[in-house]
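Worksheet for the structure shown next.
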Amino acid sequence: MAEKLLMIEHLNKSYDDLCVIKDMSLTVHKGEVVVVIGPSGCGKSTLLRCINGLEPVQGGRICLSGREIKHGSRDLPMLRQKIGMVFQSYELFPHLSIIDNITLAPLKVQKRKKEEVEEEALSLLDRVGLKDKARQYPRQLSGGQKQRAAIVRALCMHPEVMLFDEVTAALDPEMVREVLDVMLRLAQQGRTMIIVTHEMQFAKAVADRVIFVDNGEIIEEGKPAEFFKAPKTKRAARFLNIFEFSPVKAQN
Amino acid sequence: MNIEYMLKYLPLYEKAAVLTVTIGAEGILIAAAVGLLCAVVQYNRVPVLRQIAAVYIELSRNTPLLIQLFFIYYGLPKIGISTNPSVCGAVGLGFLGGSYMAEAIRSGLESIEPIQSESALSLGLKPYQVMRYIILPQAVSISMPAFMANIIFLLKETSVFSAISLMDLMFTAKDLIGLYYKTTESLFLLVIFYLIILLPVSLLGRLVERRLRYAGFGS
C-alpha cells in the first residue's frame, strides 16, 4: 500500500449545538481518489473545509504527511499550499485576469519567478483548453470555463492533495462534462484527490474508494464497483435509489 | 451687476480658491487614510482598536465641523501644541471626513463574500495578503461612488474654514461684502468659484460610477 498522506482521526465538528461531523476517521493514501457522497447537509462539505483548516474543530486530529492541520495555527498557510481546494462557486478573483488569478499565489506565497510561473500557468491552461482566455477576466468566461480555470489555479501551486467541493453542482450538463473530464485526467495522472460530488456515474469512473456519509458519520465505504452495485447498508441503498427512475407509463 | 468690480477682485478669489482646494485636498487625503484604517480595523474585528474606531466614528459624525475646528484651533495650543490655521483646517477636515470614508469603505468590505477570503486562504495566502490583494481592491472599487460623494461633501464643508481665519472662498466673499457692500457681485463670484471646483469632481464621480456599474472588471 502506498504511503499514508492524509490522516483524519476521530474528527468532531459542531456549529453551536448542531453536530455536523461525529467521530470521523479516514486515511487517504498517496495517489488515491476518494469520492465522498451523501445527502445534502450530511457534513461532506464541512469535512473538506476542516481538511483545509477553514473551520475550527471540537475534537480529533487532521494530519497531512504527519503535520497537524489546525484552524488558526501558524503553519496553516504553509500546509494549505499543499492542499488545493476547488469550490462549487468557483471563487475566482473577479478583479484579476485569469492568468493573474493563477499566478498570484505562486508569486506572492511561493515567491517563484514570474516567467517560470506564467509559463507553467499557460501550459496548464492550454491543457484544459483555456489558453486563449488567459488575459480575460472571470466575468467573461462561462461557468465551466471558470471552474476549469479554478482547477488550474489550484494545480499551479503543486498541491499534494486536491479537494473538490461539489464543483459541478452549479453548472449546465454540457459544462459539467468538460469539468469532469479535466478531473478524470488528473486522476489518471495519479493525483491524490478527495471529491465531494452528486455525479454518480462520474464517481463510479473516477473513485478508488467511495465513502458514503450521512448525519456526519461514515455509514459505508468500499470499492465503487461493489458499492454502486450492491451497497451493504440500507441507508446507502435508499440514497442510491434516488438516482434511479422507473418508467411510469406502461410499455408494450 | 458691476462687472468692473468683479474683474478687479477676481485675483483675490483665485487665491482663495487655490487655498480651498489645497487644504481641501490635504484634508481629504487624511480622511481617506483614517477611513481606510478604521474600516480595516473594524472589518477584521481587531480588539481594542475596533472600539476606539467606533467611538471616533460616532464622535466625528455627530458633531459639526465648526465645533471640531474650534477644538483643534483653540484647544491644541492650550495643551502646548502650537499650530497654524491651515494645518488645523486640513486636520479638522480629515477628522470629520475619516468617519464618512470609513463607513464608505466598510460597506464595500462587507459586500465581499467571506468565501472569497477562504478561497484566497486556501491558496496559502496569509491573512494580510488576502486583505491586500483580494479584499481591498474589490472593496475600494465597490465603494468608489460613496467615496466620490464624500469628496464633494468635504470640499463644500471647507466653507466653514473662515471661522478660524483661513482666507478661503467664503472668507474672501464675506470680507469683500463687509468692505464694499457689493453683496450680489461677491456672492455671484463665490458661487461661480465653488462650481468651478466642484463640477469637475462631480463629473469625474459620474464617470467612475458608470465605469464600475456598466463595465466592471475586464473592459
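The values are calculated or read from the model by the stated rules, or taken from the named source; none is laboratory data. Because the structure is a prediction, the values reported are computed rather than measured. Please note: Cβ atoms are built from the backbone with ideal geometry, for glycine as well, and neighbour counts cover all protein chains shown. What goes into the accessible areas is simple: the full protein's heavy atoms, side chains included, and nothing from ligands, DNA or RNA. Shrake-Rupley method; radii C 1.70, N 1.55, O 1.52, S 1.80 Å.
Data table
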item	result
Any hit, the range A:111-121, residues being under 22 Å from the mean Cα position of the chain (by Cα) and within 10 Å of chain B (Cβ to nearest Cβ)	no
Out of B:Ala120, B:Ala90, sole residue that is buried (at least 19 other Cβ atoms within 10 Å of the Cβ), more than 20 Å from A:Leu92 (Cβ to Cβ) and out of contact with any His (no Cβ under 7 Å at 6 or more places or on another chain)	B:Ala90
Flag for A:Phe243 being in contact (Cβ under 8 Å) with a residue 24 or more places away in the chain, within 30 Å of A:Ser14 (Cβ to Cβ) and surrounded by fewer than 15 Cβ atoms within 10 Å (Cβ to Cβ)	yes
Residues satisfying the stated conditions in the range A:121-174, i.e. of a type in the set (Asp, Glu), under 30 Å from A:Gly66 (Cβ atoms) and open to solvent by 50 Å² or more (accessible area, probe 1.4 Å)	A:Glu160
Spans of strands (runs of 3 or more DSSP E) in the range A:1-107 with at least 3 residues surrounded by fewer than 23 Cβ atoms within 10 Å (Cβ to Cβ)	A:4-15, A:18-29, A:59-64
Selected residue (criterion: modelled with the lowest pLDDT) from residues of the range B:126-174 that are among the polar types (S, T, N, Q) and under 28 Å from A:Arg139 (Cβ atoms)	B:Ser141
Subset tally (residues that are open to solvent by 50 Å² or more (accessible area, probe 1.4 Å) and within 19 Å of the chain's Cα centre (by Cα)) for the range B:104-117	2
Some residue of the range B:131-139 being within 14 Å of chain A (Cβ to nearest Cβ), β-branched (Val, Ile, Thr) and within 26 Å of the chain's Cα centre (by Cα)	yes
Evaluation of B:Ala39 against (1) closer than 18 Å to B:Glu157 by Cα; (2) in contact (Cβ under 8 Å) with a residue 40 or more places away in the chain (one fails), failing number	(1)
Test result for B:Leu166, closer than 21 Å to B:Ile30 by Cβ, not β-branched (Val, Ile, Thr) and not in a helix (DSSP H, G or I)	yes
Boolean, A:Pro77 is within 12 Å of chain B (Cβ to nearest Cβ) and touching a Gly at 6+ places or on another chain (Cβ under 6 Å)	yes
Flag for B:Met144 being farther than 30 Å from A:Tyr90 by Cβ and of a type in the set (A, V, I, L, M)	no
Any hit, the range A:163-178, residues being closer than 16 Å to A:Leu5 by Cβ and either of a type in the set (A, V, I, L, M) or at pLDDT below 95 (or both)	yes
Residue within the range B:14-33 that is part of a helix (DSSP H, G or I), more than 18 Å from the chain's Cα centre (by Cα) and surrounded by fewer than 21 Cβ atoms within 10 Å (Cβ to Cβ) present	yes
